[in-house]
Amino acid sequence: MHTPVLKYKSQAVAKLYFIAALALFAGQIIFGIGLGLQYVIGDFLFPYVPFNQARMVHTNLLIVWLLFGFMGAAYYMVPDEAETELHSPKLAIALFWIFLVAGALTIVGYLAVPYAKLAELTGNELLQTMGREFLEQPLPTKLGIVVVALGFLYNISMTVLKGRKTAISLVLLMGLWGLAIFFLFSFVNPHNLVRDKMYWWFVVHLWVEGVWELILGALLAYVLVKTTGVDREVIDKWLYVIIAFALMTGILGTGHHFYFIGLPGYWQWIGSIFSALEPIPFFMMTVFAFNMVQRRRREHPNQAAVLWAVGTSVMGFLGAGLWGFIHTLSPVNYYTHGSQITAAHGHLAFYGAYVLVVITLISYAMPTLRGRLANSKKAQAAEMWSFWIMTIGMAIMVLALTGAGILQVWLQRMPTEGAMGFMATQDQLRFFYWTRVAGGVVFLVGQLLYFASFFIGGEPVTEADEAAAPAGGGYLKTQPAQRA
């Protein structure tokens, strides 16, 4: 008799969210390559897809697909952690379609209508919220996001409340509630430019360098619990320490955005000191992941998920930690602010910290959603190759942007006399921009290989296969783990 791999039927709703997330991820990369080409071929796709529209689509797809990934991860993890069915699977499915349709209509609006006309058509004069990077969504879309977020949080919170409470589910819940609460600042758009930028950073910074890190920690801890068999108590202690450092440094580290927007000078010290400490939780995450894998009491058949988990910790430290640190001190940021160095940091930080952790959870969960513990060895081999190809592609892009940023600062910003103009400087960066496009193409190849791994055949691993493995061998190493 075949035993279902999923413990709770309602976990299956996560599959919809994962499929949508991956489809939107593909769209983000295609628009990213198009943007890279527009840097070197100024009239590429003009007037059909102007640069400003393509940029909005690229960045908004990034946010939306990660949100789909977070929501799918929560719907998969929380019933398992709470040991109970999801409070309302029907609500989860309804909210999925509402969010997907609203997101699709917003993207169509960006591409089909000039942005000023879109603002006029969607009632921006009633509450002016449009026009800020990452928060370009029309008012109806923002309101729809709030409705979806409230329904989602109600569903997840009720599930946690009626079931077992674990450190992982509580940290995840705190991160998801924080995500929703800080998004409310996107509705605040004062005429005073200083206050406007301050509230904007309350959304953007306190998402990516605050509450999203809690979600990151919870997702990573969950996968490590499941794939290593290390005692949950050990992983919980690591998780608490990591999120404590993440919140302490992340919240006060917001000050590194306040250097030049008109806030008091003491933010130069606060921002410099605490943002310089922000690499610590990411370094701890790297040590945590390697430590758990080395101490594993279980050789899980899904080794691809383990690779993604370890890759998350390493690339997150490099992107959010190291590349953030190199230009976060105020005397350095004075020259580098808004340069291509910022773009290099942004690309590697998002990839390392959030793209990879969502793929980690999808890599672990998707086989179980398809009725198996792990994909075949051939499929996992393709998936592992996709990790390395995407990571190499990202490295090419980031190194190219870093080189472009250093040259940009040297030619345009550091000279006290005879500094080169902006457009003249851009002409000097063409080699780096072409290299970035090449890196983007390599990344796309890796992404396509990752998608292809879902369709590669072979003998998948089922729960019955693992149960039949001989004691001390097969997929279980040494002694069985305590119940995860």
**Asked** Using a basic spin-label model with each label point 7 Å from the Cα along Cα→Cβ, how many nm lie between Phe187 and Met248?
**Response** 3.5
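Note the full-extension length gain between Trp177 and Ala104 as 0.36 nm times their separation in residues minus their Cα-Cα distance, in nm to one decimal. The partial results should precede the final answer.
Details: separation 73, 0.36 × 73 = 26.28 nm, distance 2.44 nm.
Separation in residues times 0.36 nm, less the Cα-Cα distance, equals 23.8 nm.
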**Asked** At q = 0.15, 0.19 Å⁻¹, what base-10 log of I(q)/I(0) does the Debye formula yield for segment 83-151 when every alpha carbon is treated as an equal point scatterer in vacuo?
**Response** -0.54, -0.76
**Under Karplus coefficients 6.51, -1.76 and 1.60, residue-wise ³J(HN,Hα) of segment 440-449 in Hz, glycine/proline x** = x, 5, 4, 4, 4, 4, x, 5, 5, 5
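What do you get when you divide the Cα radius of gyration of segment 334-422 by 2.2 N^0.38 Å, with N the number of residues?
Numbers: Rg = 19.6 Å, N = 89, 2.2 N^0.38 = 12.1 Å.
So segment 334-422 has a normalised radius of gyration of 1.62.
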**Message:** Sorted from largest to smallest, which semi-axis lengths in Å does the alpha carbon gyration tensor of segment 379-448 give for its equivalent ellipsoid, taking the root of 5 times each eigenvalue?
**Reply:** 35, 10, 5
**Prompt:** At 222 nm, what helix-only mean residue ellipticity would the chain give, in deg cm²/dmol to the nearest 500, using -39500 (n - 2.57) for each DSSP H run of four or more?
**Reply:** -22500 deg cm²/dmol
**Message:** Which residues does the label zone of Leu150 cover in segment 180-200, counting backbone N under 14 Å from a point 7 Å along Cα→Cβ?
**Reply:** 180-181, 184
**Prompt:** Two-decimal Rg/Rh of segment 226-373 from alpha-carbon positions, Kirkwood Rh?
**Reply:** 1.07
**Item:** Label of the coordinate-derived value, volume of the Cα convex hull per residue in Å³, listed as [x] 208; [y] 142; [z] 173
**Value:** [y]
**Message:** How far apart, in nanometres, would the label points at Lys90 and Arg132 be if each is projected 7 angstrom from Cα along the Cα-to-Cβ direction?
**Reply:** 3.8
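Give me the percent relative contact order of the chain, please, defined on Cα pairs under 8 angstrom at least 6 residues apart.
On the way: 740 pairs, mean separation 76.1, N = 484.
Relative contact order, the chain: 16 percent.
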**Asked** What ³J(HN,Hα) values, in whole Hz, does the Karplus curve 6.51 cos²θ - 1.76 cosθ + 1.60 give for segment 119-132 when θ = phi - 60°, with x put for Gly and Pro?
**Response** 4, 5, 6, 9, x, 5, 5, 5, 8, 6, 10, 8, x, 10
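Of Lys165/Lys377; Lys9/Lys377; Lys7/Lys378, which pairs sit farther than 32 Å apart, going by alpha carbon to alpha carbon? Walk me through the intermediate numbers first.
On the way: Lys165/Lys377 35 Å; Lys9/Lys377 26 Å; Lys7/Lys378 26 Å.
Pairs exceeding the cut-off: Lys165/Lys377.
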**Fill in**
For the Leu161, Val332 Cβ pair and Förster radius 51 Å, calculated FRET efficiency rounded to 0.05 is 0.65
**Prompt:** Relative to the present Cα-Cα distance, how much length would full extension add between Trp388 and Glu459 at 0.36 nm per residue of separation?
**Reply:** 23.2 nm
**Asked** Can you list the HN-Hα couplings for segment 167-172, worked out from phi with the Karplus curve (6.51, -1.76, 1.60; θ = phi - 60°), rounded to whole Hz and with x for Gly and Pro?
**Response** 4, 5, 5, 6, 5, 4
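With +1 assigned to the C-beta of every Lys and Arg and -1 to the C-beta of every Asp and Glu, and no other charges, what is the dipole magnitude of the chain about the Cα centre in debye, to the nearest 20? Before the final figure, lay out the partial values.
Numbers: 29 positive and 24 negative charges, 157 e Å.
Using Cβ point charges on Lys, Arg, Asp and Glu, the chain gives about 760 debye.
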**Request:** Starting from the amide H of Ala374, placed 1.01 Å from N in the peptide plane, find each other amide H under 5 Å away whose residue is 5 or more places distant or on another chain.
**Result:** Val461
**Complete:** The Cα extents of segment 315-376 along the principal axes, largest first and rounded to whole Å, are 55, 16, 15
**Request:** Please label the shape of segment 137-259 as rounded, prolate or oblate, based on the square roots a ≥ b ≥ c of the eigenvalues of the alpha-carbon gyration tensor (a/c under 1.5 means rounded; beyond that, a/b larger than b/c means prolate, else oblate).
**Result:** oblate
**Protection proxy ranking of 409-417, 446-454 - average other beta-carbon atoms within 10 Å, highest first** = 446-454, 409-417
**Dipole of the chain [Lys/Arg +1, Asp/Glu -1 at C-beta], most positive-end residue of Asn302, Leu67, Leu277** = Asn302
**Message:** Along the Cα→Cβ direction, 7 angstrom out, place labels at Leu121 and Ile406. What is the inter-label distance in nm?
**Reply:** 4.6
**Asked** Relative to the present Cα-Cα distance, how much length would full extension add between Phe260 and Phe46 at 0.36 nm per residue of separation?
**Response** 73.6 nm
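How many percent of the accessible area of the chain is carbon or sulfur, using a 1.4 Å probe?
Working: 14530 of 20470 Å².
C and S fraction of accessible area: 71 percent.
The values are calculated or read from the model by the stated rules, or taken from the named source; none is laboratory data. Just so it is clear, the structure is predicted and the values come from calculations on it, not from any experiment. No Cβ is skipped: glycine too gets one built from the backbone with ideal geometry, and neighbour counts run over all protein chains shown. Keep in mind that these areas ignore ligands, DNA and RNA; they rest on the heavy atoms of the full protein, side chains included. Shrake-Rupley method; radii C 1.70, N 1.55, O 1.52, S 1.80 Å.
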